[in-house]
Amino acid sequence: MSKVVVIGGGAAGMFASVFAARNGNEVHLFEKNEKTGKKLFITGKGRCNITNAGDMETLFRSVVSNPKFLYSSFYGYTNEDVISFFEEIGVKTKIERGNRVFPVSDHSSDVINGLEREMKKLGVKVHLNTKVKSVEGNEEGFREIVLSNGEKVTADACIVATGGCSYQPTGSTGDGYRMAESVGHTVTEVYPALVPLEIKEDFVGELQGLSLRNVEATIYDGKKEIYSDFGEMLFTHYGVSGPLMLSASSCITKKLQDREMKLVIDLKPALSEEQLNQRVLRDFEENKNKQFRNAITKLFPAKLIPVMVMLSGIDAEKKVNEVSKEERMEFVRLIKHFTLTINGTRSFREAIITQGGVKTKEVNPATMESKLVPNLYFVGEVLDLDALTGGFNLQIAWSTAYMAGSSIW
Ligand SMILES: Cc1cc2nc3c(=O)[nH]c(=O)nc-3n(C[C@H](O)[C@H](O)[C@H](O)COP(=O)(O)OP(=O)(O)OC[C@H]3O[C@@H](n4cnc5c(N)ncnc54)[C@H](O)[C@@H]3O)c2cc1C
C-alpha cells in the first residue's frame, strides 16, 4: 500500500483517485475549488458527454495531438469500460447522435455525484479549498507536494491532474504546467482549441446569430488546403463558431498564430456548380420582373441576402432579367465559394480545450509515470493531448487516469 496524493479534483483527478484507492492505496485528493468537478459540471452544455461509443478507429481519428501516445491507454481502458464503470456506480447512460454517450438523466451533476460517492466509499480523503503550490522531486523520485499555506505533504506517489488553461474560472489555470517544468519536464506551447474563430471582414457582424446547416467549409493556408468538412456553423459578432468551426479551430490554431487563413464556405454543397446554375436560372425565370435582391430569397436565409448581394457586385435594384450570364455565373461561384479571412481564434476563456501541455515523450504511455521523476504521474488535459468534440476529451481523461491510478500499488 502506498500513500498517493492527487492534485486536481476534475474528471481525471477523481477517476485516478478511484482506481488508486481500489488498488488499496491511501489516497488524498487536493482541489483548490470549494467543490470537485467544476468543469465537468458545464461539460456537454450541462449534460456531460461522457465518452463516444464509436469504434477504436474513430477514437484515434478524433484525437488531434499525439494519438499514438494514447494507444496503450485507449486499449487499456476503452470507451466500453467507461460506460460499464458509470453503469456500475449507478449512472445509467444512453447513446445519442454521433455515438455521443450521456447520462440518461441529462445531468452532469449525476456523473460528479457518482464519482464522489465512489471516492467516499473507497475512503479517498478529499481536501477542498486546498491549492497545491509546488511538486518536489528529482531523478531519484517524487518527494512531496507543498500547499499554498506552506504545509508540506509527503507521499509515495503523486498524480498531477490539474487540467489545461481554458475556462479558467473552473480552476484550470495552468498550474500543472509550472509544476511539471519545475521538476525538469518540457511543456509544449499551449493554444486555445475547440474555440471560435475571428473573421477579418466587418460584414460578419451583420450575420450575427445566423446558423447555417449542411455547409461545407474548407480552410486554406496560402494555397494549401488544410481542413475540410461538412456540418453546422454559426456567425457571431466577431466571426464564426458552431460545431464545424470549433473542430476546424483545433486543426489550425497553432498555424493561426502568425498568419491569416482563408475560410471558403460552400453554401450549397449538395449541388454541383452546373446544378446550382440551373437552380438560380429557374429562380430568375420565376421572378424575371423582380429586382435582384427580391429574386434570391429562396436561396438563402434572410440575414444572408444583403451580404450576398453586396459581395456579388450586382446592383440590388437591377431587374433580374437584366442580370448578365457572366454576372449570374459569378454569383453561382460566390455561393459555392463564400470566402472569409480567419485572422485569429478567441482566447482561452472561450476555448473548450487547451492544445499543448506536458510533453508526451517524457511520460510512459502505459502508466502515465514521468520518465524523469519516478512516482510522479500526469493525467488528463495537463498532458499534450487534445481531441475533437464528441466525448473524446473526457475519454482521454478517463483512460489516462485509469492507467495511472491502477498502476500504483
Ligand atoms: C464548456 C466545456 C464543455 C466541455 N464539454 C465536454 C464534453 O461534453 N465531453 C468531453 O469529452 N469533453 C468536454 N470538455 C472538455 C473536458 O471538460 C476536459 O477535457 C476535462 O475536463 C479535462 O479533465 P481534467 O481532469 O484533466 O481537467 P479539469 O477538468 O480542468 O480539472 C482540473 C482540476 O484541477 C484543479 N486544480 C488546478 N490547479 C490546481 C492546484 N494548483 N491545486 C489544486 N487543484 C488544482 C482545478 O480546480 C480543476 O478542478 C468540455 C470543456 C468545456 C470547457
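Coordinate-derived values only; no laboratory data. Because the structure is predicted, anything quoted here is derived from the model rather than measured. For neighbour counting, all protein chains shown are included, and Cβ atoms are generated from backbone atoms with ideal geometry for every residue, glycine included.
Values as computed for the structure displayed
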{"quantity": "Taking the C-alpha atoms of segment 307-376, convex hull volume expressed per residue in Å³", "calculated": "176 Å³"}
{"quantity": "Fewest-first ranking of Phe331, Phe378, using other Cβ atoms within 10 Å as the exposure measure", "calculated": "Phe331, Phe378"}
{"quantity": "Cross-link pairs beyond the 29 Å C-alpha cut-off, checked among Lys3/Lys133; Lys254/Lys336; Lys94/Lys224; Lys35/Lys68", "calculated": "Lys94/Lys224; Lys35/Lys68"}
{"quantity": "By average C-beta atoms within 10 angstrom, highest first, the peptides 202-211, 157-166", "calculated": "157-166, 202-211"}
{"quantity": "Size of charge dipole - segment 181-333 - debye, nearest 20, with Cβ of Lys, Arg +1 and Asp, Glu -1, no other charges", "calculated": "440 debye"}
{"quantity": "Selected from Val183, Ala193, Phe230, residue furthest toward positive end of dipole (the chain; charges at beta carbon)", "calculated": "Phe230"}
{"quantity": "Virtual spin-label span in nm between Asn214 and Asp258, 7 Å along Cα→Cβ", "calculated": "4.2 nm"}
{"quantity": "Gaussian network model of the chain, springs between alpha carbon atoms under 10 Å - residue of Val153, Val64, Val190 with greatest fluctuation", "calculated": "Val153"}
{"quantity": "Neighbourhood net charge (12 Å Cβ-Cβ; Lys/Arg +1, Asp/Glu -1) for Phe86", "calculated": "-3"}
{"quantity": "Counting DSSP beta bridges with both ends in the chain, the antiparallel % (nearest 5)", "calculated": "75 percent"}
{"quantity": "Least to most buried among Met1, Met14 (fewest other Cβ within 10 Å first)", "calculated": "Met1, Met14"}
{"quantity": "Long-range tail of P(r) for segment 111-259 (Cα pairs > 23 Å, %)", "calculated": "57 percent"}
{"quantity": "All lysines inside 16 Å of Lys319 as judged from Cα atoms, apart from same-chain residues fewer than 8 positions distant", "calculated": "Lys288, Lys290"}
{"quantity": "Cα shape, segment 46-150, gyration tensor, a/c 1.5 rule", "calculated": "oblate"}
{"quantity": "Efficiency of FRET between Ile95 and Arg117 - r from beta-carbon atoms, R0 22 angstrom, step 0.05", "calculated": "0.40"}
{"quantity": "Gyration tensor (alpha-carbon) shape descriptor, segment 257-336, a/c threshold 1.5", "calculated": "prolate"}
{"quantity": "Estimated [θ] at 222 nm from DSSP helical runs (n ≥ 4, -39500 (n - 2.57)) normalised by residues in the chain, nearest 500", "calculated": "-8500 deg cm²/dmol"}
{"quantity": "Most to least packed among 174-181, 278-285 [average Cβ atoms within 10 Å]", "calculated": "174-181, 278-285"}
{"quantity": "Hz values of 3J(HN,Hα) by residue in segment 217-222 - Karplus curve (6.51, -1.76, 1.60), Gly and Pro given as x", "calculated": "10, 10, 10, 10, 9, x"}
{"quantity": "Nearest 10 degrees, 0 to 90: helix 79-88 Cα axis against the chain principal axis", "calculated": "60 degrees"}
{"quantity": "Cα-Cα pairs of the chain separated by more than 28 Å (percent)", "calculated": "52 percent"}
{"quantity": "Positive-end residue, the chain charge dipole about Cα centroid, Cβ charges, pick of Gln278, Ser399, Gln257", "calculated": "Gln278"}
{"quantity": "Shape category assigned to segment 282-409 from the gyration tensor of Cα positions, a/c cut at 1.5", "calculated": "prolate"}
{"quantity": "On Cα atoms only, tilt of 325-336 relative to the major axis of the chain in degrees", "calculated": "10 degrees"}
{"quantity": "Net charge dipole size for the chain [Lys, Arg +1 and Asp, Glu -1 on Cβ; Debye, nearest 20]", "calculated": "600 debye"}
{"quantity": "Order of Met329, Met368, Met308, Met403 - criterion: other Cβ atoms within 10 Å of each residue's Cβ, fewest first", "calculated": "Met329, Met308, Met403, Met368"}
{"quantity": "About the Cα centre, charge dipole magnitude for segment 227-276 (Lys/Arg +1, Asp/Glu -1 at Cβ), debye", "calculated": "260 debye"}
{"quantity": "Whole-Å semi-axes of the ellipsoid equivalent to segment 255-302 (Cα gyration tensor, √5λ, descending)", "calculated": "31, 14, 8"}
{"quantity": "Most mobile listed residue (Gly76, Gly391, Gly242) in the chain, GNM with C-alpha springs under 10 Å", "calculated": "Gly76"}
